[in-house]
Amino acid sequence: MRGRNVVSHTQLIREALRSGEGILRLAPCWVPRVFLTPGGRLKLHPDDLYALGAARGGIDERWLASTTTANNGEGTPADEGLSSIDVQGKRVLLKAAIESIGDELVGADAMAGHGGFDVLCKLFDNLGPIAHHMHQGDEHASRVGRKGKPESYYYPPQYNFVANSFPHTFMGLEPGTTKADVRRCLERWQQGDNGILDLSRAYRLTPGTGWQVDTGVLHAPGSLVTYEPQAASDVGAVFQSMVDGRAMPWSQLVKDVPPDLQHDLDYIIGMLDWEKNVDPAFGQRNRRLPVPLHTDAAMQDAGYREAWVSYGSAKFSAKELTVQPGRSVVITDAAAYGVILTQGRGKLNSLEVETPTMIRFGAMTSDEVFVTAAAARAGVRVNNPSAHENLVLLKHFGPGNPDAATLIRS
């Protein structure tokens, strides 16, 4: 467990629930990626970007309220990607806590219908673009014992004070592209740049907005810091042979392909959702602008603003909540959720929260919590004592959130 003080004791969790009035404090969960270069904006100390060793890659992701293990290949620690509850300096994996007393944390309905908090959310931050890749749907992911992974993006303004080297994302394929065109790119894998981006189009990324990316859709995320709610899976396939001059091994294309099909180009191309990739209205259908929960006037009078920033999928959703200086509000939700602060300080029920300026690897922070279903439904008191600064937080939900049902598109 890499030296963590990890315990499994339901009494500790229940004590934390009582003292936090249904809210649990979470420790930062850092995840490296070997083929990417960290962008340096997740507030992790610069000396700690390679805290797990250069061979493991730079730390460019922070996983939030995660019960999903990272799929980083051979040598990955068994608990990489799993969030921990902090109880007076002792650590309990959130996954283990939900397995133990899930009805008290996520609610009996989520346990019965989804087996727990079945969502993965992260912040990722890269200097340049990620390779053009896709995430398999349930049909193809199940062949390697995994689940499909639709996902969404939101670009928090507070993290995107600089755009880094490529604030654009290639998504999908140009209308008129054929499967034969993609096949030729895969056949050129060992010849340098296979030209897959020539078949796609790039969209400029704007802080305060986002995108929906369904399974089977190619995408090459750009260099903005991204808040990414998604299905609880780390499955994927890279279709680009070189990124920023770095060669990508064939293994990154077929890591989640059955062994006997790892050179079957028809099968590999068949993992793509072709109609969604070549949709002429791709941008119109998949761009996500914030959707306020109430009128601006009503929220201004109440001292806060809340908007959906991830919506359209039945598997996850997310909101951004901004509480004005000197105001206190009670916010109700229909389901459990994870929270990450992006600006300010204050209180959630009885828990003090604040946005850190710099984080050392392994250190505790006060910017991340998990809100139980019971606390969400009863209403969380959000207090901003600042005289000048907003308190801003992002909240992500798993599948089956009744509040998001009317926004489901796929």
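The values are calculated or read from the model by the stated rules, or taken from the named source; none is laboratory data. This structure is a prediction, so every number in the text was calculated from the model and none was measured. Neighbour counts are summed over all protein chains in view; Cβ atoms, including those assigned to glycine, are modelled from backbone coordinates with ideal geometry.
Among the residues of the stretch 68-107, those identified as free of Cβ contacts under 8 Å to residues at least 60 places away in the same chain, not aliphatic (A, V, I, L, M) and not in a loop (DSSP other than H, G, I, E, B) are Lys95, Glu99, Gly102, Asp103.
Can you tell me which residue in the stretch 32-50 is nearest to Met248 (Cα to Cα), limited to those that are part of a loop (DSSP other than H, G, I, E, B), in contact (Cβ under 8 Å) with a residue 40 or more places away in the chain and in contact with a Gly (Cβ under 8 Å, 6 or more places away or on another chain)? Before you say what the answer is, go through the steps one by one.
From the stretch 32-50, those part of a loop (DSSP other than H, G, I, E, B) are 34-37, 39-43, 45, 49-50; that's our starting set.
Pick out the ones that are also in contact (Cβ under 8 Å) with a residue 40 or more places away in the chain and you get 35-37, 39-43, 45.
Going one step further and asking which of them are in contact with a Gly (Cβ under 8 Å, 6 or more places away or on another chain), we end up with 35-37.
Details: Phe35: 8, Leu36: 11, Thr37: 14 Å.
Per the criteria, the residue is Phe35.
Close Cβ contacts (under 6 Å, 6 or more residues apart or on different chains) running from residues in the stretch 192-208 that are under 19 Å from Gly176 (Cβ atoms) and outside any loop (DSSP other than H, G, I, E, B) to residues that are aromatic (Phe, Trp, Tyr) and at pLDDT 95 or above comprise Ile196/Phe239; Leu197/Phe170; Ala202/Phe170. May I ask you to list the residues in the stretch 346-362 that are surrounded by fewer than 22 Cβ atoms within 10 Å (Cβ to Cβ) and under 26 Å from Val31 (Cβ atoms)? Passing the criteria: Leu351, Glu354, Thr355, Pro356, Thr357, Met358, Ile359, Arg360, Phe361, Gly362. Has the stretch 188-196 got any residue that is over 27 Å from Ala232 (Cα atoms), in contact with a Cys (Cβ under 7 Å, 6 or more places away or on another chain) and either of a type in the set (Ser, Thr, Tyr) or buried (at least 21 other Cβ atoms within 10 Å of the Cβ) (or both)? Yes, the conditions are met somewhere in the stretch 188-196.
The residues listed here are Ala55, Ala65; of these, the one that is of a type in the set (A, V, I, L, M), in contact (Cβ under 8 Å) with a residue 12 or more places away in the chain and surrounded by fewer than 21 Cβ atoms within 10 Å (Cβ to Cβ) is Ala55. Among the candidates Ala232, Ala220, single out the residue that is at pLDDT below 95 and either surrounded by 15 or more Cβ atoms within 10 Å (Cβ to Cβ) or under 16 Å from Ser310 (Cβ atoms) (or both). When all the criteria are applied, what remains is Ala232.
State the number of residues belonging to the stretch 291-306 that are out of contact with any Gly (no Cβ under 9 Å at 6 or more places or on another chain) and either surrounded by fewer than 18 Cβ atoms within 10 Å (Cβ to Cβ) or in a loop (DSSP other than H, G, I, E, B) (or both).
Our first condition is that a residue be out of contact with any Gly (no Cβ under 9 Å at 6 or more places or on another chain); within the stretch 291-306, this holds for 291-302, 304-306.
Cutting the leftovers down to either surrounded by fewer than 18 Cβ atoms within 10 Å (Cβ to Cβ) or in a loop (DSSP other than H, G, I, E, B) (or both) gives us 291-298, 300-302.
The qualifying residues number 11.
Answer yes or no as to whether Ala110 is touching a residue at least 24 places away in the same chain (Cβ under 8 Å), of a type in the set (A, V, I, L, M, F, W, C) and surrounded by fewer than 21 Cβ atoms within 10 Å (Cβ to Cβ). No, not satisfied.
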